[in-house]
Amino acid sequence: MVPVQTFEGNLVSPAARSMIPEQRHQEILRLLRQEGILSVRGLTAYMNVSHMTVRRDITALESTGQVSSVRGGVRLTKQHGQEPAGEPKLRAQPGAPREKAIAKLAAQSIKDDMVVFLDAGTACRSLVPFLAARRHLTVVTNDFYIVTSLFAYPNIETIHTGGVVDPASASGQGPQATEMLKFVNIDLSFLSSRTWNISRGLMAPSMDEFEVKRAALKASSSRFLLADSTTFGTVSLFNVAPLQILDTVVTDDQLPLDVQNNIRQLGVTVRLATFGEGGPSPLAYATERGARW
């Protein structure tokens with residue numbers, strides 16, 4: 001298949017004409033996971049099929065609950081990709097095994113004497129246990145659970161950004177938090193997001209979260225995204241930054257190989273944490289070796 005970057009350029013998929021409906025459906029879903037939203041016109045040109053064929057494919061996918069029609073196009077349904085703004089999602093504890101594996105790998109980049117920013121969310125909360133051995137480390141965060149977890153590590157200097165308390169994310173948001181980040185020099189920032197894709201980059205469901213992430217990126221010399229593979233291809237209301245602004249994406253080895261390659265083509269390093277039973281897969285080994293690290 002052609003790279004996703006060429007999709008809206010209306011290049012024709014060479015295999016599209018020979019695809020059966022089920023194959024076309026899977027290809028549409030693959031593109032949606034990368035793009036978030038697609039136009040009927042673009043799909044018609046890319047798949048090299050008629051407008052009515054694309055409409056029938058969209059109708060078939062709608063009947064399964066995986067996609068929803070929008071004016072002139074199609075997008076993933078909320079349960080398959082979109083994070084609504086303002087939806088309460090209080091997750092007090094560090095993340096699931098997938099996030100912990102990502103955090104363990106990401107923590108290898110944290111060195112003594114660094115100033116690091118930890119974004120709000122379970123992905124960054126999972127980093128805390130791996131910081132114990134660091135010396136003269138300063139952690140800047142807007143996450144209240146990270147702050148309380150760091151009480152156990154007196155060797156780490158902890159700075160909270162302040163701001164208006166957002167109960168849904170247990171974090172400080174708003175202009176106070178953003179303003180504080182303008183006055184710090186951060187060596188390495190770890191951002192989390194449950195909504196990101198190739199075309200729109202890193203996203204946020206609210207303006208307050210958008211502003212804090214933007215301020216952290218601007219204050220940082222090096223920028224990492226911690227995000228598990230299940231969150232890729234999803235969409236939120238606000239575009240925070242393109243993926244090109246990141247230095248590294250740390251995710252798990254279930255991220256599709258074509259997506260990994262598309263990210264690397266943007267000049268971003270991809271690091272893969274092994275997830276699942278049975279140890280590293282051959283695919284994980286090959287893609288890890290291919291990363292620029």
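Some values worked out for this structure:
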| quantity | calculated |
| --- | --- |
| Any chance ARG194 is in contact with a Ser or Thr (Cβ under 6 Å, 6 or more places away or on another chain), at pLDDT below 90 and not acidic (Asp, Glu) | yes |
| The one condition in (1) in contact (Cβ under 8 Å) with a residue 24 or more places away in the chain; (2) surrounded by fewer than 20 Cβ atoms within 10 Å (Cβ to Cβ); (3) over 19 Å from SER222 (Cβ atoms) that ASN155 fails to fulfil | (1) |
| Listing of strands (runs of 3 or more DSSP E) fully contained in segment 201-266 that carry 2 or more residues being surrounded by fewer than 21 Cβ atoms within 10 Å (Cβ to Cβ) and in contact (Cβ under 8 Å) with a residue 12 or more places away in the chain | 220-226, 238-241 |
| Pick from segment 119-140, criterion closer than 13 Å to LEU226 by Cβ and β-branched (Val, Ile, Thr), ranking: surrounded by the most Cβ atoms within 10 Å (Cβ to Cβ) | VAL128 |
| Test: ALA291 is of a type in the set (A, V, I, L, M) and at pLDDT below 90 | yes |
| Filter result for the condition that a residue is of a type in the set (Ser, Thr, Tyr) and touching a helix residue (DSSP H, G or I) at 6+ places or on another chain (Cβ under 8 Å), over THR53, THR59, THR64 | THR53 |
| Which listed residue, of ASN185, ASN197, is surrounded by fewer than 22 Cβ atoms within 10 Å (Cβ to Cβ) and outside the structural domain of VAL67 (by TED's automatic domain parsing) | ASN185 |
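The values are calculated or read from the model by the stated rules, or taken from the named source; none is laboratory data. Being a predicted model, the structure only gives us computed values, none of them experimental. Every residue, glycine as well, gets a Cβ built from its backbone with ideal geometry; the counts of neighbours run over all protein chains shown.
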